[in-house]
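Notes follow once the structure below has been shown.
The values are calculated or read from the model by the stated rules, or taken from the named source; none is laboratory data. Since the model is a prediction, treat every value here as computed from it, not as a measurement. Counting neighbours? That spans all protein chains shown, and the Cβs are built from the backbone with ideal geometry, glycine included. SASA here: full protein model, heavy atoms, side chains in, ligands and nucleic acids out. Shrake-Rupley method; radii C 1.70, N 1.55, O 1.52, S 1.80 Å.
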Amino acid sequence: LSPSSNPNPADRIFASNMLNISLHGTDPSLIRPRQYTSIIRSILTGAAEETDWIALQHEFESLVAIAGNSKVPVDTRGAAIEAQASLLKGILGKLDTSTNPEGLARAVSSIVLMLRTEFIGLDGAARRDFKTKITGSLAATVGAGKRAWSTLHADPKARAAYGNALQQATVLARLIVGESGTPSTNPADAWKSGKESDYDTAAAPWANFR
């Protein structure tokens with residue numbers, strides 16, 4: 001479901017949660033690759049319009065159910081990880097113009113935390129695939145804070161939620177590539193300082209993080 005097909009957020013939350021529960025509870029051998037492809041495409045279509053952070057969280061959880069399951073075919077898991085990056089970047093792109101910055105900031109915070117948990121559970125090729133496809137999204141999370149500074153700082157709850165997202169993003173980046181491979185600056189601390197110039201300085205080295 002999407003806002004254009006159903007304007008009632010409660011219905012969308014229910015539908016997205018049911019998909020999440022179904023994917024977590026169904027043996028992957030019973031789902032064909034084409035069905036997975038259709039599910040992933042449907043999630044991205046709905047998320048592109050979604051404004052409710054709880055519905056977005058459930059949609060992302062459905063992707064986690066696919067990407068994080070070692071019984072799912074490798075190619076399908078890779079497609080789900082790629083979709084995770086796309087979904088996150090889609091939300092980040094709407095932050096500076098959103099009429100609900102708190103909701104989107106909370107969605108980003110929740111999503112980055114889920115990515116961290118997912119990464120810890122991966123190994124081998126799946127972990128390498130995650131690194132290739134997700135690190136750019138973490139840099140984008142830092143960059144989006146710069147573009148949406150005024151919007152997010154105008155709302156105390158949005159500011160706090162996005163500060164949490166930045167903290168989780170930098171922690172995950174260091175988990176993925178190690179301390180030596182990540183910028184030494186801490187955008188989360190600069191964000192909490194409330195000084196935009198300090199944030200710009202802290203965020204700059206992350207622009208090329210991949």
* **Over the range 128-187: Kirkwood hydrodynamic radius from C-alpha pairwise inverse distances, Å** => 12.2
* Asked: Cα axis of helix 101-121 to longest principal axis of the chain: angle in degrees, 0 to 90, nearest 10?
  -> 70
* **Per residue convex hull volume, Cα atoms of the range 53-210, in Å³** => 89
* Asked: By the scheme Lys and Arg +1, Asp and Glu -1, what is the net charge of all other residues having a beta-carbon under 13 Å from that of residue 143?
  -> +2
* For the chain, what is the mean residue ellipticity at 222 nm derived from helices alone (per DSSP H run of n ≥ 4: -39500 (n - 2.57); sum divided by total residues; nearest 500 deg cm²/dmol)? -> -24500 deg cm²/dmol
* Asked: Working out 0.36 nm times the residue gap between residue 71 and residue 24, then minus their Cα-Cα distance, what length gain in nm do you get to one decimal?
  -> 15.8 nm
* **Solvent-accessible area, 1.4 Å probe, carbon plus sulfur percent, for the range 75-210** => 48
* **Under 10 Å, Cβ to Cβ, from residue 159 - net charge with Lys/Arg +1 and Asp/Glu -1** => 0
* Could you list the trypsin sites (Lys or Arg not before Pro) in the range 34-104 that lie in coil according to DSSP, counting only those with at most 13 other Cβ atoms within 10 Å of their Cβ? => 71
* List the relative contact order of the chain as a percent without decimals, with contacts defined as Cα pairs under 8 Å and 6+ residues apart. => 19
